[in-house]
Structure formats: structure tokens, C-alpha cells
Amino acid sequence: DTGVSQDPRHKITKRGQNVTFRCDPISEHNRLYWYRQTLGQGPEFLTYFQNEAQLEKSRLLSDRFSAERPKGSFSTLEIQRTEQGDSAMYLCASAPGPGVTGELFFGEGSRLTVL
Amino acid sequence: DQQVKQNSPSLSVQEGRISILNCDYTNSMFDYFLWYKKYPAEGPTFLISISSIKDKNEDGRFTVFLNKSAKHLSLHIVPSQPGDSAVYFCAASYLNSGTYKYIFGTGTRLKVLA
């Protein structure tokens, strides 16, 4: 296990369709974060898991967004009824913890294009 | 409310010279600061970090300076190389209700000219 992996790397979909992204964190990391990045912006926090528990969700995460981390391993981020404004890079990051600060290890991202 | 600000969207530097990237923050609760580098179509890659109890951290060509009283940090790259051309994000973290939150700036695009 050499790092955080995300799948798919790029998804093109039509408005109104559902999409799901998967993130496999570094195996011993129990913290997992989802971020969204749009052009000209930095990564914006979406949600955070500590093991399987989703401890925080951003106001950016509308009811159309749902994230899970069953068994505290991989995580999925689903967007229902996609809108053109959902087009962005979705970044997953993991970190050891919980009591330790330090760097987040990012995956390569999943780019979503909504037509 | 932008808690972490990078006011320079872009910076051009000649190869071999020093690159200085700046970052300002507003939240006094931030206790750990990080710099990330990002190439197009890739995720951010960690570069260097600094705890709030320090004012300087150095790693090879990269040095981060923290001025807590001014709520300002900077990243120095010496000497700059063409491969350093990328977008650099400043990030700050703090513990809030059991969650380590990481807030990112909007980034500075560095171009190192050969």
C-alpha cells in the first residue's frame, strides 16, 4: 500500500444522474477526509470520518451528497441527481490519529464533469 | 469567511533565485500549518509543515517561517528550479470538537523560468 487511491479518476455524466466515488486510504490511517476543489480555489472540506463514524459534515454537503465508510476502511462519496455546479475535483485524504495532528495524505482525486 | 488567505494568485521567479510564497490567517486556534504542492490533474502533495510553537522549519531547499503575532507564514524555496512550477497551497489545522480541521488557502501558482 503506497498511498491513497481514488476511483474513478475522471467521470463525465449527464445532469440528473447519480455518481459514486471510491477512496481507499492508507491502510493504518483511521482518519479520512473528503474535499472538493474547483478552479481557482483551494480544497474545501466536505466531510470527515474517524474509523467508520462520520463525525462532521460541511454545509457544502447538500442532501444530494452522502458519504460512507463501512468497517472503517474504504469510503464512498455519492452524489445524487447531479447538477452542473457539482463539477469539480473530489479529493480524498487520510491521516493517522485520532490524537495526532500532522499532514493529510491526498489521493490523486476524482474529477467530475456534469454536462 | 476566508480564514486562510493567499493574496498572490501567481508568482514568477527566475531559476536559481528565491521564491517566497505568503499566507495569512485569521483564526488564533490554528496550531499547525502546512504547505502543499499541486500539479495539474493530481492531488496535493505535502511539502513541509510547522507547529505553532516554532517559528522556522527547514527541509532541504524549503523553509517555512511562522510569525504568530502577525498571523503570517511564508514558504521560501532556494534555489528555485523549473520543476518547482506548480500551485502551492497553504493550510492550517486545529482541533475542533474532536476533529482535526484543515483549512486551505486558494493557492499561489509559481512559475520558475529557466
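The values are calculated or read from the model by the stated rules, or taken from the named source; none is laboratory data. Owing to the predicted nature of the structure, the values given are computational and were not obtained by experimental measurement. All Cβ positions, glycine included, derive from the backbone under ideal geometry; neighbour counts span all protein chains shown.
Anything in region B:98-114 that is within 16 Å of B:ASN22 (Cα to Cα) and assigned to a strand (DSSP E or B)? List them, or say none. Residues satisfying the conditions are B:ILE103, B:PHE104, B:THR108, B:ARG109, B:LEU110, B:LYS111.
Kindly state which strands (runs of 3 or more DSSP E) lie completely within region B:1-92 and contain at least 1 residues that are over 29 Å from A:GLN6 (Cα atoms) and away from chain A (no Cβ under 11 Å). Strands (runs of 3 or more DSSP E) meeting the threshold: B:10-14, B:19-25, B:56-59, B:62-67, B:72-77. Scoring B:TYR100 on the criteria (1) surrounded by fewer than 18 Cβ atoms within 10 Å (Cβ to Cβ); (2) free of Cβ contacts under 8 Å to residues at least 12 places away in the same chain leaves a single failure, condition (1). All conditions but one from (1) without any contact (Cβ under 8 Å) to a residue 12 or more places away in the chain; (2) surrounded by 15 or more Cβ atoms within 10 Å (Cβ to Cβ); (3) away from chain B (no Cβ under 12 Å) apply to A:ASP63; the one that does not is (2). Only residues that are surrounded by fewer than 17 Cβ atoms within 10 Å (Cβ to Cβ) and in contact (Cβ under 8 Å) with a residue 24 or more places away in the chain were counted in region B:84-97, giving 2.
Only one entry in A:GLU78, A:GLU108, A:GLU44 is within 13 Å of chain B (Cβ to nearest Cβ), farther than 18 Å from B:SER97 by Cα and in contact (Cβ under 8 Å) with a residue 40 or more places away in the chain, namely A:GLU108. Scanning region A:86-99 for any residue that is part of a helix (DSSP H, G or I) and either among the polar types (S, T, N, Q) or at pLDDT 95 or above (or both) turns up at least one such residue.
Among the numbered conditions (1) out of contact with any Phe, Trp or Tyr (no Cβ under 7 Å at 6 or more places or on another chain); (2) under 30 Å from A:ALA53 (Cα atoms), the only one that B:GLY105 does not meet is (1). Applying a threshold of 8 Å to beta carbon distances and a minimum spacing of six or more residues, or different chains, the list of pairs starting in region B:35-53 at a residue that is among the acidic types (Asp, Glu) and ending at one that is assigned to a loop (DSSP other than H, G, I, E, B) reads B:GLU42/A:GLU108; B:GLU42/A:GLY109. Taken across region B:7-25, residues that are without any contact (Cβ under 8 Å) to a residue 24 or more places away in the chain and of a type in the set (Gly, Ala, Ser) do not occur at all. Got at least one residue in region A:10-28 being surrounded by 15 or more Cβ atoms within 10 Å (Cβ to Cβ), in contact with a strand residue (DSSP E or B) (Cβ under 6 Å, 6 or more places away or on another chain), more than 10 Å from chain B (Cβ to nearest Cβ) and not in a strand (DSSP E or B)? Looking through region A:10-28, at least one residue is surrounded by 15 or more Cβ atoms within 10 Å (Cβ to Cβ), in contact with a strand residue (DSSP E or B) (Cβ under 6 Å, 6 or more places away or on another chain), more than 10 Å from chain B (Cβ to nearest Cβ) and not in a strand (DSSP E or B). Among the candidates B:LYS54, B:LYS5, B:LYS71, the residue that is farther than 16 Å from A:LEU91 by Cβ, over 12 Å from the mean Cα position of the chain (by Cα) and surrounded by 14 or more Cβ atoms within 10 Å (Cβ to Cβ) is uniquely B:LYS71. Only a single criterion out of (1) within 21 Å of B:ILE103 (Cβ to Cβ); (2) among the aliphatic types (A, V, I, L, M); (3) in contact with a Ser or Thr (Cβ under 8 Å, 6 or more places away or on another chain); (4) at pLDDT 90 or above is not satisfied by A:LEU61, namely (4). Please go through region A:67-77 and pick out each residue that is over 17 Å from A:HIS10 (Cβ atoms), out of contact with any Lys or Arg (no Cβ under 7 Å at 6 or more places or on another chain) and modelled with pLDDT of 95 or more. Correct list: A:ALA67, A:GLU68, A:ARG69.
On inspection, B:LEU95 fails the criterion of being in contact with a strand residue (DSSP E or B) (Cβ under 7 Å, 6 or more places away or on another chain), of a type outside the set (S, T, N, Q) and assigned to a strand (DSSP E or B).
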